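Peer 1: My questions will all concern the structure given below.
Computed from the coordinates by the stated procedures, all read-outs in this text should not be read as laboratory data. The model shown is predicted, which means the values in this text are computed figures rather than measured ones. So basically every Cβ, Gly included, is an ideal-geometry build from the backbone, and we count neighbours across all protein chains shown.
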Amino acid sequence: MKITFLFLLPFLFLFSSCQDPVEVKSAEALEAYNAEEYDKAIALNKEALGLDSSNIQTRYNLFVIYQLQNKEALALAELQEVLAANPEELIANAQIGLLYEKRGEFKEAIPYLSKAITLEDNNVLTQLALSNSYQAVGEKQLAMTHANRVLELDGKNIKALDRLATISESEGLTDRAIDYYQQILVIDSSYTEAYPMISSLYGSKGNTEKSILFGQKALAVFPGNIDMLNNMGFIYLELKDYPNALNYFEQVIVKDPSFAYAYNNKGYVLIQEGNYSEALVAIQKSLELDNNNAYAYRNMAICHANMGNKTASCDALVAAETVEYGLRIKSELEELKASYCQ
């Protein structure tokens with residue numbers, strides 16, 4: 001299956017004459033390409049380059065074939081040769097940037113994509129790739145600028161709206177993030193990924209009614225999905241509706257008995273209900289499946305303390321500090337140690 005690029009179609013030159021040796025080789029290469037004899041097409045294009053190493057179109061032809069064969073390094077090398085001959089080549093700058101972005105080399109992608117945009121700023125694909133690259137390196141404002149430019153060019157571009165929603169959420173702009181997701185659903189009501197995100201965002205605002213509403217919509221779309229079930233458990237946990245929270249965490253465990261966090265979540269609910277012995281069993285199961293969870297060790301410490309075993313509680317808190325944990329739990333661990341490890 002042949003690939004089609006935004007900036008060029010394979011072999012753009014139409015050869016009106018076969019008198020020139022380069023044109024002869026290029027015409028033969030085109031014939032081989034159309035027959036999907038790609039190695040032969042490569043060889044013929046290389047012969048054409050041997051006759052005229054400055055022929056940019058031949059290098060683009062090689063780039064297209066190498067891309068088709070997933071030989072990204074060779075494709076990149078041909079484009080670099082194009083830029084060596086002419087740094088202002090739009091197609092080469094754009095395609096090099098897109099290649100780097102595809103490979104996750106975002107820092108390397110940015111200069112080429114930026115150059116392409118200075119040459120032509122109305123290309124949606126390039127603008128999106130540059131937005132993604134800026135977001136990946138932490139330049140959120142620039143990422144939003146280029147995502148907004150995409151929307152100027154294509155007001156119904158879901159990828160741009162999704163990126164703006166993601167960045168807004170990371171900046172704590174919850175209402176704006178919700179608005180972007182809801183714009184997506186107006187454009188495409190089947191974009192089901194938006195439902196759990198809206199549910200989570202409403203939950204963070206304390207709007208449990210809408211959080212439950214969109215959580216239920218997510219479950220209607222993804223029935224039995226463990227992430228959706230787990231999210232619903234958290235929603236009811238925030239409402240202090242422990243029976244419903246426990247019900248959802250239990251459903252997760254039934255669906256996936258290896259889901260470590262569900263056992264810890266179950267244990268946390270049981271702690272709230274004062275059922276420390278059953279909570280401890282669930283938390284121990286969670287740590288058997290994943291022992292790199294500071295929250296599970298914290299919950300274990302609380303269980304042991306309330307069951308009268310402060311030594312075991314202190315040991316659990318010490319263990320919590322040996323695994324990865326964020327600042328959010330750090331002060332809590334220090335307070336618990338002050339209480340249990342004297």
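Peer 1: When the C-alpha atoms of segment 42-185 are aligned to their principal axes, what extent does each axis show, in angstrom, from largest down?
Peer 2: Projected onto its principal axes, the Cα set of segment 42-185 covers 61, 27, 25 Å.
Peer 1: Please give me, ordered by residue number, the trypsin sites (Lys or Arg not before Pro) of segment 193-247 that lie in loop per DSSP and have at most 16 other Cβ atoms within 10 Å.
Peer 2: Values: sites: K205, K210, K217, K240; in loops: K240.
For trypsin sites (Lys or Arg not before Pro) across segment 193-247 that sit outside H, G, I, E and B with at most 16 neighbouring Cβ atoms in 10 Å, the list reads K240.
Peer 1: So what is the relative contact order for segment 138-203, in percent, with contacts set as C-alpha pairs under 8 Å and at least six apart? Present the calculation step by step, with values, prior to reporting the outcome.
Peer 2: Values: 54 pairs, mean separation 15.9, N = 66.
After rounding, I find 24 percent.
Peer 1: Over segment 258-342, what is the mean sequence separation of C-alpha contacts under 8 Å (at least six apart), divided by residue count, expressed as relative contact order in percent?
Peer 2: Details: 108 pairs, mean separation 21.1, N = 85.
Reported relative contact order: 25 percent.
Peer 1: OK, next. Taking 0.36 nm per residue of sequence separation and subtracting the Cα-Cα distance, how much length would be gained by fully extending the chain between K210 and D52, in nm to one decimal? List each step's numbers first, then the result.
Peer 2: Details: separation 158, 0.36 × 158 = 56.88 nm, distance 6.61 nm.
Value of the extension gain: 50.3 nm.
Peer 1: Roughly how tilted is helix 174-187, in degrees to the nearest 10 and between 0 and 90, from the longest Cα axis of the chain?
Peer 2: 50
Peer 1: Moving on. How much net charge surrounds L164 when only the other residues with a Cβ under 15 Å from the Cβ of L164 are counted, with Lys and Arg +1 and Asp and Glu -1? Walk me through the numbers on the way to the answer.
Peer 2: Values: positive: K140, R149, K156, K159, R163, R176; negative: E139, E152, D154, D162, E169, E171, D175, D179, E193.
Summing Lys/Arg as +1 and Asp/Glu as -1 gives -3.
Peer 1: So which GluC sites (Glu not before Pro) in segment 128-176 end up in coil per DSSP with only 11 or fewer other C-beta atoms within 10 Å? Don't skip to the end; give the middle numbers.
Peer 2: On the way: sites: E139, E152, E169, E171; in loops: E139, E171.
Passing sites in segment 128-176 do not exist.
Peer 1: Report the paramagnetic label zone for E105: residues of segment 42-77 whose backbone N is under 16 Å from a point 7 Å from Cα along the Cα-to-Cβ axis.
Peer 2: 67, 70-77
Peer 1: If you plug each phi of segment 52-69 into the Karplus form 6.51 cos²θ - 1.76 cosθ + 1.60 with θ = phi - 60°, what whole-Hz ³J(HN,Hα) values come out, in order, with x for Gly and Pro?
Peer 2: 8, 5, 8, 6, 5, 4, 5, 5, 5, 4, 5, 4, 4, 5, 4, 4, 4, 8
Peer 1: Ok, one more. Helix 158-170 versus the longest principal axis of the chain: what angle, 0 to 90°, nearest 10, using Cα atoms?
Peer 2: Helix 158-170 and the main axis of the chain meet at about 40 degrees.
Peer 1: Now for a separate question. For segment 119-244, what's the radius of gyration and Dmax over Cα atoms, in angstrom?
Peer 2: In order Rg, Dmax, the Cα atoms of segment 119-244 give 16.2, 60 Å.
Peer 1: With Kirkwood's inverse mean 1/r over C-alpha pairs for Rh, give me the Rg to Rh ratio of segment 258-342, two decimals please. Please list the in-between numbers first.
Peer 2: On the way: Rg = 11.6 Å, Rh = 12.4 Å.
Looking at segment 258-342, the ratio lands at 0.94.
Peer 1: For the chain, what is the relative contact order in percent, using Cα pairs closer than 8 Å and at least 6 residues apart in sequence?
Peer 2: Working: 436 pairs, mean separation 19.4, N = 342.
Value for the chain: 6 percent.
Peer 1: Once you list every other residue whose beta carbon is under 12 Å from the beta carbon of I178, what net charge do they have if Lys and Arg are +1 and Asp and Glu are -1?
Peer 2: On the way: positive: R176, K205, K210; negative: E169, D175, D179.
Once positives and negatives cancel, what remains is 0.
Peer 1: Give me the three principal axis extents of segment 246-302 from the C-alpha atoms, as integers in angstrom, largest value leading.
Peer 2: Taking max minus min along each principal axis of the Cα atoms, segment 246-302 gives 28, 24, 14 Å.
Peer 1: Which net charge results for the neighbourhood of M300, defined as the other residues with beta-carbon distances under 15 angstrom from its beta-carbon, given Lys and Arg at +1 and Asp and Glu at -1?
Peer 2: Values: positive: K266, K285, R298, K310, K337; negative: E278, E288, D290, D315, E321, E332.
Residues near M300 contribute -1 overall.
Peer 1: What does the convex hull of the Cα atoms come to per residue for segment 199-286, in Å³? Walk me through the numbers on the way to the answer.
Peer 2: On the way: hull volume 6.6 nm³, N = 88.
It comes to 75 Å³ per residue, whole-number rounded.
Peer 1: Going by C-beta contacts inside 10 Å, put T118, T166 in order with the fewest on the left. Intermediate results must be reported in sequence, preceding the final value.
Peer 2: Values: T118 11, T166 18.
Ascending number of Cβ neighbours within 10 Å: T118, T166.
Peer 1: Simple spin-label model, 7 Å along Cα-to-Cβ: L119 to V281 in nm?
Peer 2: 6.8
Peer 1: Then there is this: Please quote Rg/Rh for the chain to two decimal places, taking the Kirkwood radius as Rh and restricting both calculations to Cα atoms.
Peer 2: 1.16
Peer 1: Okay, moving on. Do any GluC sites (Glu not before Pro) in segment 278-337 lie in a loop, going by DSSP, with at most 10 other beta-carbon atoms within 10 Å of their beta carbon, and if so which?
Peer 2: Taking segment 278-337 and a limit of 10 other Cβ atoms within 10 Å, the loop GluC sites (Glu not before Pro) found are E324.
Peer 1: Expressed as an acute angle from 0 to 90° and rounded to the nearest 10, what is the orientation of the C-alpha long axis of helix 90-102 relative to the principal long axis of the chain?
Peer 2: So the inclination is approximately 30 degrees.
Peer 1: If each residue of separation counts as 0.36 nm, what is the full-extension length gain between N291 and Q272 once their alpha-carbon separation is subtracted? Working shown, then result.
Peer 2: On the way: separation 19, 0.36 × 19 = 6.84 nm, distance 2.23 nm.
So the chain would gain 4.6 nm between N291 and Q272.
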